[in-house]
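Heads up: the structure comes next, in structure tokens.
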Amino acid sequence: MRTVVVVGGGAAGSTAASRAKRLCPNCRVVLVEAGDVITHAPCAVPYAIGDMAEEAVWLFDKEEFEAERGVEVLLRTRAVDVEGNRVKLEGERGGFVEFDALIIATGARPWIPPVEGVGLRGVVVPTVANIRQAKAILAEARRVSIIGGGYIGVEMADVLAAAGKKVVLIEGEDRPLPKVLDRDVAGLLANYMASGGVELRLGERVVRLEGGGRVRRVVTDGGRYEVDAVVFATGVRPNVELALKAGAKLGPTGAVAVNRYLEAGPSGVYVAGDAAEMVHKVTGEPAWIPLATYANKMGYVAGTNAGLGGRAAEFPPVAGASVTKFRDMYVGSVGLTEADAARRGMAVAAYVVRALDRAKYVREVREMVVKALVSGGRLIGMQIVGFSSAVGAYVDLAAQFIGEPAERLFYAEYSYMPFTAPVWHPFVIVGRLWLRNYYRPNGSAAL
């Protein structure tokens, strides 16, 4: 009997196991997870720490997954080594399990900067495993410092400010969401967060945490802040240890290098999800973008190839589409930022359009800001801010045009009626601006 072993029960691993079993119903598919649960939703953690029910982050329990998917699930079991075609297990289930195909979907883990005081009581790291502890600590706190201004930092600020906490967000860069937003767009978010009661300390680095057993103060290179609790939202790093033991190699991003079939070196070994690199659609370079949307699809591709024992599916280049929110402001991004382009020596033309999310004569019209980046005649990035969840749909549409000639934005197809969109879509306006600036006398666009 062919055996497929999947290590990691998150988005990529659970999808891979399900897909492999569906394509190879006579295979033995074993899903190994070090924790207590599988198929969890880490993107919901900030909201589960807030007022969302904790159970919302659990999508399946072990018995339900085994019964519905036909996959053997080993919880509280760690895969600690790979010896030939055997995975060594420790924990609730020890010993070895042999495989014909191995899918490593070990995800990523929080990265905490090595500063003094991180072990004090009252310090929170928002993860699936820490939800209850975080809820208890933050429920008693009046003043909370969030270290890090990425997705989780902004979302934790949203949750805690809404709960009436005094929130100080400390970010080492000069803006929130520095990896995905340019300064001008990030400034819109920063101003709105400040108006929502969040004190932003940008461009400051944490030096140490102070307190007699419990954290009472955050000291940075620019100030001192009295607190009752601290939330570390300083990003994640890929879990690559098992993949290295299986013979895989790291790429330039620090994640595992894979080919388009998600193979990682030795025959029959695949790496998927946050542990693996991918190829960026604009640059053609290896990229590491730890998002659940990509993890799910990488799991599907790896599960397809492992289940069929061949190269049936490929994972294509990606553009890095993402969206988040603070209160009722939604912020999305796809492709490169101006800083990304500058590091690569790319000349960029930026187009900023202020538009409405529907016809201006409709009630409750909301403004949106769209910033598009064009280089070499191609759309290489877009950032969108607005007071509507439709921002996410705009980012999704933009992702389809990343890497394409900019004039195609002018011909973008979209549905229209006064209550759903403006007749002149912001993307069409961007395309029109591009054509206006680069139109040649002979009637052809300078692309």
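Would you mind telling me which residue in Thr293, Thr324, Thr39 has the biggest mean-square fluctuation in a Gaussian network model of the chain, where springs connect alpha carbons within a distance under 10 angstrom? Largest GNM mean-square fluctuation: Thr293. The Cα atoms of region 6-98 define a convex hull whose projected area, averaged across directions, is 6.4 nm².
By the count of other C-beta atoms within 10 Å, a proxy for reagent exposure, Leu59, Leu262 are ordered fewest to most as Leu59, Leu262.
For region 318-447, the equivalent ellipsoid derived from the Cα gyration tensor has semi-axes of 24, 19, 11 Å, listed largest first. Proximity of backbone amide H atoms, modeled 1.01 Å from N, is registered between Val227 and Arg217, Val218 at under 5 Å, excluding neighbours fewer than 5 places apart on the same chain. Under a 10 Å cutoff between Cα atoms, tell me which one of Asn305, Asn296, Asn130 has the largest fluctuation in the Gaussian network model of the chain. Largest GNM mean-square fluctuation: Asn130. One Cα centroid belongs to region 143-219, the other to region 407-438; the line between them spans 35 Å. Taking other C-beta atoms within 10 Å as the exposure proxy, Tyr361, Tyr151, Tyr225 rank Tyr361, Tyr225, Tyr151 from fewest upward.
Maximal additional length on extending the Arg327-Ala339 stretch stands at 1.6 nm, based on 0.36 nm per residue less the C-alpha distance. Match the structure shown to one of the listed values (i) 28.1; (ii) 23.5; (iii) 34.4 of Kirkwood radius over Cα pairs in Å, computed from it, and give that label. Computing Kirkwood radius over Cα pairs in Å and matching it to (i) 28.1; (ii) 23.5; (iii) 34.4 gives (ii). Distance from the Cα centroid of region 80-105 to that of region 7-23 is 16 Å (rounded to whole angstrom). For region 50-172, the share of DSSP beta bridges that are antiparallel, to the nearest 5, is 65%. The antiparallel fraction among DSSP beta bridges confined to the chain stands at about 60%. Each part gets one Cα centre, and for region 288-312 versus region 114-134 those centres are 32 Å apart. Which translational diffusion coefficient, to the nearest whole µm²/s, is obtained for region 123-234 from the Stokes-Einstein equation, given a Kirkwood hydrodynamic radius over C-alpha pairs, 10 °C and 1.306 mPa s? Result for D is 114 µm²/s.
DSSP assigns beta bridges within region 123-234; of those with both partners inside it, close to 30 percent run antiparallel. Sorted fewest first by neighbouring Cβ atoms within 10 angstrom, Cys24, Cys43 come out as Cys43, Cys24. Search the structure for amide H atoms under 5 Å from the amide H of Phe410, placed 1.01 Å from N in the peptide plane, and list their residues when 5 or more places away or on another chain. Placed amide hydrogens put Gly431 under 5 Å from Phe410.
For region 240-311, the convex hull drawn through the C-alpha positions has a volume of 81 cubic angstrom per residue. Charged neighbours of Ser267, selected by a Cβ distance under 12 Å, balance to -1 (K, R count +1; D, E count -1). May I ask you to evaluate 6.51 cos²θ - 1.76 cosθ + 1.60, the Karplus curve with θ = phi - 60°, for each residue of region 118-135 and list the ³J(HN,Hα) values in order in whole Hz, giving x for glycine and proline? Whole-Hz 3J(HN,Hα) from phi for region 118-135: 5, x, 5, 5, x, 9, 10, 10, x, 10, 4, 6, 9, 4, 5, 4, 5, 4. Taking K and R as +1 and D and E as -1, what net charge do the other residues with C-beta under 11 Å from the C-beta of Ala421 add up to? Residues near Ala421 contribute 0 overall. Taking amide H as placed 1.01 Å from N in the peptide plane, the amide H of Ala321 sits under 5 Å from that of Gly335, each at least 5 places away or on another chain. Counting lysine pairs in the chain whose alpha carbons fall under 20 angstrom apart, excluding pairs fewer than 8 residues apart on the same chain, gives 14.
Every number here is computed from the coordinates shown, using simple stated rules; none is lab data. Just so it is clear, the model here is predicted, and its values are computed rather than measured. Please note: Cβ atoms are built from the backbone with ideal geometry, for glycine as well, and neighbour counts cover all protein chains shown.
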